[in-house]
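Below: the structure, in structure tokens.
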Amino acid sequence: MPTTISTIENGRAKFAYDRAKEAAELNYKEYTSYVKKMPMLIKTNGLGATFSFYLSKIDPSQNQESKESKTYRLIGNHLTNYLKQSPIQPTEIRNCNNFNNLIEKILSCDSTQYRLITQDILAFVNWLRRFSDGLIG
């Protein structure tokens, strides 16, 4: 069955709803705030810089990790997992196993692929923002 725009958009919405629900169940109240800031950060600084900023907020040791760090880690995992299942992404992006690896792959993409990933992420984050706002507040 061919992939259509409506099935891609429905898939994004479902995936975003499930991720926002997960954040709500974990009681990550900061999640909504961090997700709401992401589109403007991407449009202002670019996808690579925004992802690098989010990565810098994650405590690599995970020992006594702060709630802020856990929230950024969760967002990074959600973004990685979204792109892994996105039907419009190339194999090298879908094969990323963590947020660090995803950033490396994105930074090595050509400009056309970079723009495609950026648009895909912006569409996903738009859904994520709406659902997290409704489910977490």
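The values are calculated or read from the model by the stated rules, or taken from the named source; none is laboratory data. These figures come from a predicted structure and were not determined experimentally. Here the Cβ positions follow ideal geometry from the backbone for every residue, glycine too, while neighbour counts run over all protein chains shown. Just so you know, the surface numbers come from the protein's heavy atoms only, side chains and all, with ligands and any DNA or RNA stripped out. Shrake-Rupley method; radii C 1.70, N 1.55, O 1.52, S 1.80 Å.
For the reader, a short list of remarks on this structure follows.
- The residue of segment 19-45 that is farthest from ASN126 (Cα to Cα), among those that are among the charged types (D, E, K, R) and open to solvent by 50 Å² or more (accessible area, probe 1.4 Å), is GLU25.
- Residues satisfying the stated conditions in segment 3-16, i.e. open to solvent by 30 Å² or more (accessible area, probe 1.4 Å) and either among the polar types (S, T, N, Q) or within 13 Å of the chain's Cα centre (by Cα) (or both): THR3, THR4, SER6, THR7, ASN10, PHE15
- On inspection, LEU122 passes the criterion of being surrounded by fewer than 16 Cβ atoms within 10 Å (Cβ to Cβ), of a type outside the set (Val, Ile, Thr) and touching a residue at least 60 places away in the same chain (Cβ under 8 Å).
- Count of segment 50-104 residues, restricted to those that are closer than 16 Å to GLN119 by Cα, open to solvent by less than 10 Å² (accessible area, probe 1.4 Å) and not in a helix (DSSP H, G or I), is 2.
- Taking each residue of segment 81-99 that is closer than 19 Å to TYR54 by Cβ and looking for partners that are polar (S, T, N, Q) and part of a loop (DSSP other than H, G, I, E, B) with beta-carbon atoms closer than 9 Å, six or more apart or interchain, yields LEU83/GLN89; LYS84/ASN95; LYS84/ASN97; ILE93/SER86.
- Candidates LEU102, LEU116, LEU83, LEU107, filtered to the one that is closer than 13 Å to ARG12 by Cα and hydrophobic (A, V, I, L, M, F, W, C): LEU83
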